[in-house]
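Q: Next up is a structure, given as structure tokens.
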Amino acid sequence: MSRHRVLRPLATGLALATVLSVAGCSGAASTTGHDAVVPASLSVEGYGVPGAATLKAMSRDRKALDIVGISSVNLTTDGAGVAASSQEALKTAASAKADHLKSELLVTNIDPSQGAFSDSLASAMLSSAENRSFVIAGLAGEIEHGGYDGVQIDFESLSKADSDDLVTFVSELRSTLPKSATISMTLPAVAAASDYAGAGFDLKRLNPLVGRYVLMAYDEHGTGFTAAGPVGGLPWTRQAVSALTSQVSANKVDLGVAGYGYTWTSDGRGGVVTAAAARKQAGSKARWVAAQGEWTATLSNGTVIWWSDGESLTVRSNLAKSSGLHGVALWQMSSGDKITRG
């Protein structure tokens, strides 16, 4: 769940996953000195895009995970349906089940032609009873035949005009899926609780229908959309947690945490980096910024790096525990460090 090709400050990981895949991200190698330690009382969701890197990371982290979020299906053109899971996605769900983990299928509203989340695509589905029916039937089929334990709704870049239709969609989805199937939802990090209404989320009406929320507390800064800064700094994260938990019960919230970083070059380029790649690039110039709970480095060529790693996840896990949250959710396993329990 990342933002770098999305036209707003907070978004999801399918776009990030594309970049990491193109960059040849193998991730998943153990980095003992930077392993995350998550309190045993918290739930842990690890996100992944179907493929070898995610399966490797799942194997590495399986003792610490509770849920695997599989970023796999997207609304089709004009919002008239939903794409089917790939064989790799089904393999990922089967692997989760074999490890006695729950799996959630993420459904997104990314416009492939733009590489960005699309309000118009979501609106075309949400506003049409026929389109909603097709999408819900597709998701129900995935639950029945694909082995997933639930669905995570990852609709982003919505507007206030989508609010009523989103509630209708989730209500219809809830009444169609088996009672045992979970429905969770990603939410953007906002500065004030009132901002959720403008972003298309009527939390008061959604709350009885949604079992769990994932607060996407990352992409405060990123290449191409802000100047250099923390991926999701602690002051910003605390503010977002406060805003959301004023509207929904803290024990229904998972704190989303980045397992990646960004580089900003002196010529205005840069991009996404895995935690391990950021450390390698930074070398002896790496500096832990305790106030932000992240690492940064300025290289001799002027490149600035900020990244969120296992230590960042540990700090945020402690924040989640002290705030009474349900758990944490890492985007994404293959680009982040090993997760352990403490």
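Condition check ((1) without any contact (Cβ under 8 Å) to a residue 60 or more places away in the chain; (2) hydroxyl-bearing (Ser, Thr, Tyr); (3) open to solvent by less than 10 Å² (accessible area, probe 1.4 Å)) across all residues:
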{"residue": "His145", "(1), (2), (3)": "yes, no, no"}
{"residue": "Ser157", "(1), (2), (3)": "no, yes, no"}
{"residue": "Glu172", "(1), (2), (3)": "yes, no, no"}
{"residue": "Lys179", "(1), (2), (3)": "yes, no, no"}
{"residue": "Ala192", "(1), (2), (3)": "yes, no, no"}
{"residue": "Ala228", "(1), (2), (3)": "no, no, no"}
{"residue": "Thr237", "(1), (2), (3)": "no, yes, yes"}
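Q: Let me ask something else about it. Mind listing just one residue for me: the one in region 53-73 that is among the small types (Gly, Ala, Ser) and under 15 Å from Tyr148 (Cβ atoms) and, of those, farthest from the chain's Cα centre (by Cα)?
A: Looking at the filtered set, the residue picked out is Ser72.
Q: I would also like to ask the following. Before we move on, is Ala57 open to solvent by 10 Å² or more (accessible area, probe 1.4 Å) and of a type outside the set (S, T, N, Q)?
A: In short, no.
Q: Taking Ser43 as meeting all but one of (1) open to solvent by less than 10 Å² (accessible area, probe 1.4 Å); (2) modelled with pLDDT of 90 or more; (3) in contact with a Gly (Cβ under 7 Å, 6 or more places away or on another chain), write down the number of the exception.
A: In the conditions (1) open to solvent by less than 10 Å² (accessible area, probe 1.4 Å); (2) modelled with pLDDT of 90 or more; (3) in contact with a Gly (Cβ under 7 Å, 6 or more places away or on another chain), Ser43 misses (1) alone.
Q: Residues Leu177, Leu139, Leu173, Leu166: which one is hydrophobic (A, V, I, L, M, F, W, C), modelled with pLDDT of 95 or more and touching a Ser or Thr at 6+ places or on another chain (Cβ under 9 Å)?
A: Just a single option satisfies the conditions, and that option is Leu139.
Q: Can you name the residue in region 266-309 that is closer than 14 Å to Ser335 by Cβ and among the hydroxyl-bearing types (Ser, Thr, Tyr) and is also least open to solvent (accessible area, probe 1.4 Å) among such residues?
A: The residue in question is Ser308.
Q: Can you find, within region 132-143, the residue that is most open to solvent (accessible area, probe 1.4 Å) among those that are over 12 Å from Val73 (Cα atoms), of a type in the set (A, V, I, L, M, F, W, C) and touching a residue at least 40 places away in the same chain (Cβ under 8 Å)?
A: My answer is Phe134.
Q: Does Lys252 count as open to solvent by 30 Å² or more (accessible area, probe 1.4 Å), touching a strand residue (DSSP E or B) at 6+ places or on another chain (Cβ under 6 Å) and closer than 30 Å to Val210 by Cβ?
A: Against the criterion (open to solvent by 30 Å² or more (accessible area, probe 1.4 Å), touching a strand residue (DSSP E or B) at 6+ places or on another chain (Cβ under 6 Å) and closer than 30 Å to Val210 by Cβ), Lys252 qualifies.
Q: Now a separate question. Can you tell me how many residues in region 89-117 are among the basic types (Lys, Arg) and closer than 16 Å to Leu55 by Cβ?
A: 2
Q: How about region 137-207: which helices (runs of 4 or more DSSP H) wholly inside it have at least 2 residues that are basic (Lys, Arg)?
A: Fully inside region 137-207 and qualifying: 203-206.
Q: If we keep just the residues of region 194-219 that are of a type outside the set (Phe, Trp, Tyr) and under 18 Å from Ala329 (Cα atoms), which is most open to solvent (accessible area, probe 1.4 Å)?
A: Top of the filtered list is Gly211.
Q: Which condition breaks for Gln114 when tested against (1) within 20 Å of the chain's Cα centre (by Cα); (2) modelled with pLDDT of 95 or more; (3) part of a loop (DSSP other than H, G, I, E, B)?
A: (2)
Q: So, one more: Being crowded, with 22+ Cβ neighbours inside 10 Å and either small (Gly, Ala, Ser) or touching a residue at least 12 places away in the same chain (Cβ under 8 Å) (or both): is that true of Ala329 here?
A: yes
Q: To continue, here is another question. For region 74-106, which residues satisfy the criterion of being surrounded by fewer than 23 Cβ atoms within 10 Å (Cβ to Cβ) and within 13 Å of Val135 (Cα to Cα)?
A: Hits for region 74-106 are Asn74, Thr76, Thr77, Asp78, Gly79, Ala80, Gly81, Ala83, Ala84.
Q: Now for a different question. Would you say Ser249 is under 30 Å from Ala197 (Cβ atoms) and of a type in the set (Ser, Thr, Tyr)?
A: yes
The values are calculated or read from the model by the stated rules, or taken from the named source; none is laboratory data. This one's a predicted model, so the numbers in the text were calculated from it and none came from an experiment. A quick note on method: Cβ atoms are made from the backbone with ideal geometry, for glycine too, and the neighbour counts reach across all protein chains shown. For accessibility, only protein heavy atoms count, side chains too; no ligands or nucleic acids. Shrake-Rupley method; radii C 1.70, N 1.55, O 1.52, S 1.80 Å.
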